[in-house]
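Step one of this worksheet: look at the structure below.
The values are calculated or read from the model by the stated rules, or taken from the named source; none is laboratory data. Please read these numbers as outputs of a predicted model, since none were measured by experiment. Methodologically, a virtual Cβ is constructed for each residue, glycine included, from the backbone with ideal geometry; neighbour enumeration extends over all protein chains shown. Accessible surface areas use protein heavy atoms only, side chains included; no ligands, DNA or RNA. Shrake-Rupley method; radii C 1.70, N 1.55, O 1.52, S 1.80 Å.
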Amino acid sequence: MDIMHDMICDAAQPFFPEYVDKTSWKTQAVVYYLILSLGGAMFYLSFAGASFYHSFVWKRDKYYPASLKDVDIYKQAKTEIGIALSSLWKMAFLMWPGAFFSHRGYSKIYKKWPETGEEWQYFALSSVAFLVFTDFMIYWMHRGLHHPWFYRRIHKLHHAYQYTTPFSSHAFHPVDGFAQGCPYYIFVYLVPFNNIQFFLMFVIVNSWTVSIHDQIDFGSKLISSTGHHTIHHADFWYNYGQYTTFWDRLCGTYMPAVQTHSWDGTKVGQKKVE
């Protein structure tokens, strides 16, 4: 995130020299809010839009979900985009302290790129630790949001449609988005993590969030695939996991996914993957 901050400041400084100072907390506060709000909206629209166009328009004959055959898909997508865009700027406000204070040096983000074998080993292990930690945290955050009190007031908005599109991915109530997003920042306040590594993880996890809403499943047992999340939206007492099925299996909330396609894109019908 700090790389994006510096790029924005460097680009804006010649035009607004009296206002832009990347060492100033005021500039940092504004820029980080813009990154989280406008940057988040641009990421959502571009990645979800590309996924939607690829699978629901261009390759419609191959990938379009049978569950949506009688649905006005453009009307649903428009509603989902409206929910996401109306929430993202509020989510950004809630997420802003984590990003801002991290840049100010309160987190354990570091900038040195690994050079030695030992440093690369730590880089790899910390990446795994990041995924394990956030998978655990998001499972329980997500499951907690299905408590009737929280579901009715917060999480129900994300379940506006039983069958999803890529645009469903970020169609959250702001508090919902914050609850499932804050584990990423909690991790970097606890564990030393490279700044570029954090940015890459941010891109990966958001891309993953888009992908698990497209209803195209290539078959998986241990990875929490699109099929698992499709079941979650259809019957929301199961499959709360973000990346793996480990916590669902351990806690009795697992339901096997239905594979829709082989890896070469061939439809395989309704093949259950235990």
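Annotations
- Selection count where residues are closer than 30 Å to residue 3 by Cα, open to solvent by less than 50 Å² (accessible area, probe 1.4 Å) and aliphatic (A, V, I, L, M), scope segment 121-157: 3
- When we screen 62, 75 for residues that are touching a Lys or Arg at 6+ places or on another chain (Cβ under 8 Å), of a type in the set (D, E, K, R) and either over 29 Å from residue 254 (Cα atoms) or modelled with pLDDT under 95 (or both), the only hit is 62.
- In segment 1-25, the qualifying residues are those that are aliphatic (A, V, I, L, M) and at pLDDT below 85, and the one that is least open to solvent (accessible area, probe 1.4 Å) is 1.
- When residues in segment 46-72 are screened for being hydrophobic (A, V, I, L, M, F, W, C), in contact (Cβ under 8 Å) with a residue 12 or more places away in the chain and either surrounded by fewer than 16 Cβ atoms within 10 Å (Cβ to Cβ) or not in a helix (DSSP H, G or I) (or both), 1 of them pass.
- Qualifying positions in segment 241-251 - out of contact with any Asp or Glu (no Cβ under 6 Å at 6 or more places or on another chain) and open to solvent by less than 60 Å² (accessible area, probe 1.4 Å): 245, 247, 248, 251
- Exactly one residue among 80, 118 is open to solvent by less than 60 Å² (accessible area, probe 1.4 Å), out of contact with any strand residue (DSSP E or B) (no Cβ under 6 Å at 6 or more places or on another chain) and at pLDDT 95 or above, and that residue is 80.
- Failed item in (1) at pLDDT 95 or above; (2) buried (at least 23 other Cβ atoms within 10 Å of the Cβ), with residue 212 passing the rest: (1)
- Of the helices (runs of 4 or more DSSP H) that lie entirely inside segment 139-254, those containing 3 or more residues that are closer than 29 Å to residue 54 by Cβ span 174-190, 195-211, 226-234.
- The selection criterion, being touching a Pro at 6+ places or on another chain (Cβ under 9 Å) and outside any helix (DSSP H, G or I), does not hold for residue 121.
- Scanning segment 228-245 for residues that are farther than 14 Å from residue 143 by Cα and touching a residue at least 60 places away in the same chain (Cβ under 8 Å) yields 230, 234, 243, 244.
- Within segment 26-44, being open to solvent by 30 Å² or more (accessible area, probe 1.4 Å) and without any contact (Cβ under 8 Å) to a residue 40 or more places away in the chain holds for 26, 30, 34, 38, 42.
- Verdict on residue 218 being of a type in the set (Phe, Trp, Tyr), surrounded by fewer than 17 Cβ atoms within 10 Å (Cβ to Cβ) and either more than 25 Å from residue 87 (Cα to Cα) or out of contact with any helix residue (DSSP H, G or I) (no Cβ under 6 Å at 6 or more places or on another chain) (or both): no
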